[in-house]
Amino acid sequence: MNKRNKMRIKKGDTVVIISGEDRGRKGKVLKAFPKTSRVIVEKVNFIKKHTRPTQQNPQGGIVQMEAPVHVSNVKLFNDKLGEATSAIYKIVGDRRVRVDKKTGDEI
């Protein structure tokens, strides 16, 4: 049986890194990869990538960019509480809604 990945973090969410060298840093999710359970967070987990000369970048060289972070190392950030929280899914009427686990507010 093929297990379906359930990512509760989406593009545009504000998240906090909960482990690793960037622990405690906040940022916005720029891109989500549900198949690999990874997200790219703004200004977190920088790597240096060597690039070839192209038409957009004729010089080439070393470019600093964000690398994906595993979803297990990230938690949603609640602005009202000012702390990290989890998201759960609830069925409201005929639709599935993401809800803040601590406050019960819809995300």
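The values are calculated or read from the model by the stated rules, or taken from the named source; none is laboratory data. On a predicted model such as this, the values are computed, not experimentally measured, just so you know. With ideal geometry, Cβ positions are generated from the backbone for all residues, glycine too; neighbour counts draw on all protein chains shown.
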Those residues of region 40-70 which are hydrophobic (A, V, I, L, M, F, W, C) and either closer than 13 Å to Val16 by Cβ or part of a loop (DSSP other than H, G, I, E, B) (or both), in sequence order: Val41, Val44, Ala67, Val69
Residue among Arg52, Arg25 that is more than 9 Å from the chain's Cα centre (by Cα) and exposed (fewer than 12 other Cβ atoms within 10 Å of the Cβ): Arg52
Residues of region 20-48 classified as touching a helix residue (DSSP H, G or I) at 6+ places or on another chain (Cβ under 8 Å) and modelled with pLDDT under 95, total: 2
Residue selected from region 1-19 under the condition more than 20 Å from Arg96 (Cβ to Cβ) and assigned to a loop (DSSP other than H, G, I, E, B), by the criterion modelled with the lowest pLDDT: Met1
Every residue from region 71-107 that is hydroxyl-bearing (Ser, Thr, Tyr), under 17 Å from the mean Cα position of the chain (by Cα) and surrounded by fewer than 17 Cβ atoms within 10 Å (Cβ to Cβ): Ser72, Ser86
Complete set of residues in region 51-91 that are touching a residue at least 24 places away in the same chain (Cβ under 8 Å), of a type in the set (Ser, Thr, Tyr) and either touching an Asp or Glu at 6+ places or on another chain (Cβ under 9 Å) or on the phi > 0 side of the Ramachandran plot (or both): Ser86
Residue satisfying condition, being of a type in the set (Lys, Arg) and not in a strand (DSSP E or B), within set Lys90, Lys80: Lys80
Qualifying positions in region 1-22 - among the basic types (Lys, Arg), surrounded by 10 or more Cβ atoms within 10 Å (Cβ to Cβ) and farther than 15 Å from Glu66 by Cβ: Arg8, Lys10
